[in-house]
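Taken together, the values in this text are just the output of simple stated rules run on the coordinates, not laboratory data. Bear in mind the structure is a predicted one, so any value in this text is a computation, not a measurement. Quick reminder, even Gly has a Cβ in these numbers, built from the backbone with ideal geometry, and neighbours come from all protein chains shown.
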Amino acid sequence: MPHEVNGVIASRKGAPVRIETVVVPDPGPGEALVSVQACGVCHTDLHYREGAIGDDFPYLLGHEAAGLVEAVGPDVTGLQPGDFVILNWRAVCGQCRACLRGRPWYCFATHNATQKMTLTNGAVLSPALGIGAFADKTLVAAGQCTKVNPAIKPEVAGLLGCGVMAGLGAALNTGAVTRGDSVAVFGCGGVGDAAILGASLAGARKIIAVDIDNRKLDWACEFGATDTVNSVITDPVEQIRALTEGHGADVVIEAVGRPETYTQAFYSRDLAGTVVLVGVPNPQMRLDLPLADVFGRGGALKSSWYGDCLPTRDFPMLVDLHLQGRLPLDKFVSETISLDGVEEAFEKMQRGEVLRSVVLL
């Protein structure tokens, strides 16, 4: 029997979002119906609203979420009603080329519910990242549900579903930061601060935060930054070199997604150091680097998609670290809001006033 719930809809490019009634079907084979308890307001949702990801309007926004499994479809195993889960948009199939080569974090299979959520007029909705969690209930592929310890608060747990995992993974998985490393992070929003937190957890000896906003640099210090650089008033390349005995950082994480900051990150690293791009560029951006410099400086230039995470491995581990008091994920929650506060949350995010606004349902 279909369920009628409230959901946040982006109806057309650039238009303010609005709350509408969403019809959510019962789960079919391989699917799960989830009662959403909390969902973070992520930049990706704004990209959907602005048409920067696609043109499959109307969109049901929201993807950085946690909640309770309400029902599962036929043939679903390992998941049952009442399970507390974090929703992930990168479920692993175990059968694609990446999975079979032992690199499941590169899995390219698409796992979305085959049954469609609609508006009451029958218009088929496109759920953001196959999730659509700015709603009281949502329908997802069962593989998008990762069970974790229910002792964690939903508003904290959900953040691991996207932005915080992206930043932590950029440092821990892609950048492979280890004890004694020097690390620089360009961009100190939610993803950048998560990268700083990840570097701190890994034992980096020096963590340099770079941003143009002093308020964000202050936030970065709360997550473990040892030094800060305001790139409006100081050349970040020169300052990072000065802070690393003239060498540059071992690992530089670019969490902005712009050619200018990526170029600065490239020249801020030590010889044979690693640059990790986790900031999301738009399709029109181009990068121009002297090929001789790419060759001569050695090292690695990497991109980090979803923090190269494996949800079934990483989510439970990170939740446990949080519950042990070793990973202060709650610091990312700037405010909790209701569904009707999403549009205002987008404005606050664009003004840099919050790390994360989180919708409680």
Legend entry - Backbone HN-Hα couplings from phi across the range 210-216 [Karplus 6.51/-1.76/1.60, Hz, Gly and Pro as x]: 10, 7, 9, 10, 4, 4, 5
Inset, instruction - List the residues whose amide H sits under 5 Å from the amide H of residue 37, counting only those 5 or more places along or on another chain, with H placed 1.01 Å from N in the peptide plane. - result: 66, 67, 68
Inset, instruction - Mind ranking 287-295, 45-53 by how tightly packed they are, going by the mean number of other C-beta atoms within 10 angstrom, highest first? - result: 45-53, 287-295
Legend entry - Using alpha-carbon coordinates, inclination of helix 190-202 to the longest axis of the chain, degrees: 60
Inset, instruction - Please state the charge dipole magnitude for the chain, taken about the Cα centre, from unit charges on C-beta atoms (+1 on K and R, -1 on D and E), reported in debye and rounded to the nearest 20. - result: 780
Inset, instruction - Take 119, 160 and order them by how many other Cβ atoms sit within 10 Å, fewest up front. - result: 119, 160
Legend entry - Exposure proxy ranking, count of Cβ atoms within 10 Å, fewest first, for 268, 357: 357, 268
Legend entry - For residue 207, residues with placed amide H under 5 Å, excluding near neighbours: 183, 226, 227
Inset, instruction - Give a quick list of GluC sites (Glu not before Pro) in the range 242-274 that DSSP marks as loop, anything other than H, G, I, E or B, with at most 12 other Cβ atoms within 10 Å. - result: 245
Inset, instruction - Count the DSSP beta bridges whose two residues both fall in the chain, then state the antiparallel fraction as a percent rounded to the nearest 5. - result: 55
Inset, instruction - Could you work out how far the C-alpha centroid of the range 149-183 sits from that of the range 226-274, in angstrom? - result: 21
Legend entry - Option label - Cα Rg over 2.2 N^0.38 Å computed here, alternatives (1) 1.57; (2) 0.98; (3) 1.17: (2)
Legend entry - Hz values of 3J(HN,Hα) by residue in the range 314-331 - Karplus curve (6.51, -1.76, 1.60), Gly and Pro given as x: 7, 4, x, 4, 5, 4, 4, 4, 5, 5, 7, x, 9, 9, x, 5, 4, 5
Legend entry - Neighbour cut-off at most 13 other Cβ (10 Å), DSSP loop, trypsin sites (Lys or Arg not before Pro), the range 92-188: 101, 179
Inset, instruction - Just rank 228, 178, 261, fewest to most, by other beta-carbon atoms within 10 angstrom. - result: 178, 228, 261
Inset, instruction - Show that you can apply the helix-only estimate: for the chain, add -39,500 (n - 2.57) for every DSSP H stretch of four or more residues, divide by all residues, and state [θ] at 222 nm to the nearest 500. - result: -7000 deg cm²/dmol
Inset, instruction - List, in order, the whole-Hz ³J(HN,Hα) value for each residue of the range 307-313 obtained from phi through the Karplus relation with A = 6.51, B = -1.76, C = 1.60 and θ = phi - 60°; use x for Gly and Pro. - result: x, 6, 8, 10, x, 5, 8
Inset, instruction - Please go through the residue pairs 153/216; 147/331; 137/216 and name each one whose alpha carbons sit more than 27 Å apart in this structure. - result: 137/216
